[in-house]
Every structure is written in C-alpha cells, then in structure tokens.
1. Filter the DSSP H helices in the chain by two things, a Kyte-Doolittle mean of at least -1.0 and an axial alpha-carbon span of 20 angstrom or more, and list the hits by number.
2. Whole-Hz Karplus ³J(HN,Hα) for the stretch 171-180, in order, using 6.51 cos²θ - 1.76 cosθ + 1.60 and θ = phi - 60°, x for Gly and Pro?
3. For the stretch 173-250, which semi-axes, largest first and in whole Å, follow from the square roots of 5 times the eigenvalues of its Cα gyration tensor?
4. Using the number of other C-beta atoms within 10 angstrom as an exposure proxy, rank 53, 117 with the fewest first.
5. In Å and whole numbers, how far do the C-alpha atoms of the stretch 106-260 stretch along each principal axis, longest first?
6. Give, rounded to the nearest 20 debye, the magnitude of the charge dipole that the stretch 1-65 has about its Cα centre when Lys and Arg contribute +1 at Cβ and Asp and Glu contribute -1 at Cβ.
7. Kindly provide the pair-distance distribution of the chain built from C-alpha pairs, with 10 Å bins from 0 and whole-percent values in order of increasing distance.
8. Based only on other Cβ atoms within 10 Å, what is the fewest-to-most ordering of 124, 90, 193, 79?
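Laboratory data are not the source of any read-out in this text; all were calculated from the coordinates shown. Given the structure is predicted, the values throughout are model-derived calculations rather than measurements. When we count neighbours, we look across all protein chains shown, and the Cβ atoms used for this are built from the backbone with ideal geometry, even at glycine.
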Amino acid sequence: MLMNIPKKLIVGNWKMNTTIAEGSVLFNNLRKDIGDLADCDIVLCPPATHLFSLHRELISNKTKTSFKLGVQNISEHEMGPYTGEISASMVKELVDYVIVGHSERRKYFNETDKTDSQKLGIAMRHGLRPILCVGETKQERGDGQAKQAVLDQLNTALRGVTEKELKDLAIAYEPVWAIGTGNFAKPAVVEEMIMLVRNTLAQTYGRIASTHVRVLYGGSVSAQNTKAYLNLQGVDGLFVGGASLNHNQFSAIVKAATSV
Ligand code: PGA
C-alpha cells in the first residue's frame, strides 16, 4: 500500500508575548539559526499584531523558505458586530495556518467543541490550514476519562470536515495538564493517545485518507524531549509554546526534528 509520508511540522505558539520589535528580532534570529530551508515545515504563530510585518519580511526575502505564519485564533463568524474579533478573511493574505481550539481559549474565552467546529469550517472555507488542539484535563485523566474527552472533542470538531479537506488539517494532542507546566507527558501516554486520534480518523475517513493528517504532540516540549516524541510511531511534529520564545531552544527543536 502506498503511504504518504508528510514532512514533520513544528509549530511555535508565541501566545500573548513579545512586542512587534521583539517579535522581529526573534524571527530573524530563528532564520539565522535555522536557515531558510529546513527539512521540516515550521509554522510561527505570533500575536496577530505582528503578522503584517512578519509576512512582509518573509515575502521580501524572495527565496524559498520553510517558515510559514499562523494566526492563534479566528472568529467563528464571517464578519459583523463582533468587537475585537479577527475574521479568517482578514488574515488569509498573511497566514497559511490557524490554531483552533487551544485549551487556553477554552479556559479563558469559553470556547467549546461547537465553536471549534465552526472555526474549523470557516478556516477551511477560506483556504487556511487548521491546527486543531485536543487534549484532556488533569481531572479527566484522573477519572479515567482521558480517551473519551479527546474523542468527544475530535468527533464534534470534525463534523463537517470532508475527506478532501483532510490534507489541510493537522491535529495537536495537547494534554492540558502538560501545557506550560514543565510536566510533559510520558512518551507511552503520547503514543497511546496519538494512536487513538489516528484510529478515529481512519474509522471516519479510511486509513489512506487519514494519513494525510499530521498529528502532533504539544505540552512542555523542549530541545531535551523532542526526539523522544518524534521517534514515536504516528507523531508527525510538535506544538511548542514556551520554548518557541527562545531562539536557541526553538532552533534546537527544529534541528532535532530534521535529524529524526
Ligand atoms: P508549552 O505550551 O510548550 O509552553 O507547554 C504549549 C501550548 O501552547 O499549547
């Protein structure tokens, strides 16, 4: 059977950190460290205020580059009276990717499986590639509900995603208890949960179509633990928060990913 082997995908989520000037310095340091062409796809998700200038820096370079930009969130609405929101059509000239359903959006901004599903639909309609985050809380894991929690998130979010759209989708398994805590998940846990995600995709869309989806791990990823995850079967990349703000750390992660 012919299987498609996608390049590894390394996502840097800067969250609400850096000024525009600091973001530019970080971006240029990364480009110096990594070079323009890496043997993996690199997606930087800075604050929305930085996208315009970083996009210009990328296109002014003219050479081919492995760096792409992503936005950390979009509205579930197309347009209208939603003060403070950013729509897919406003950012689609600047970015290729969009993060959907990050647990911080769920925790602080009341996002639900339903709004994530709407965001996924809007992103796809506008040609953006969603990175859908799923993962259980500490309590859900303690209660033996980790798998069910991830399945529920996945099944609701994927409603309406067609087989044809799968190639644009990435899914990040991010246990909430591992995000920003230093308490990264054991590789065996990651392997089990990523298998669950992969099997669910395969049941819904068929095994071959589901191989087009890149499945990532996120949660206290560092240069030290990168290889342990990328060597696992079924892991196609990493979703990096804190360590993406340090160019030495993030480039070490990218370099480790290219040598797996
Ligand atoms: P972290 O963040 O790498 O700091 O744990 C991950 C994330 O943004 O989800």
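1. 20-34, 187-205
2. For the stretch 171-180, the Karplus curve yields 10, 10, 7, 10, x, 4, 5, 9, 7, x Hz.
3. Whole-Å semi-axes of the equivalent ellipsoid: 24, 12, 10.
4. Lowest count first: 53, 117.
5. 39, 34, 28
6. It comes to approximately 100 debye.
7. That works out to 7, 33, 39, 20, 2, 0, in percent per bin.
8. With the fewest neighbours first, 124, 90, 193, 79 line up as 79, 90, 124, 193.
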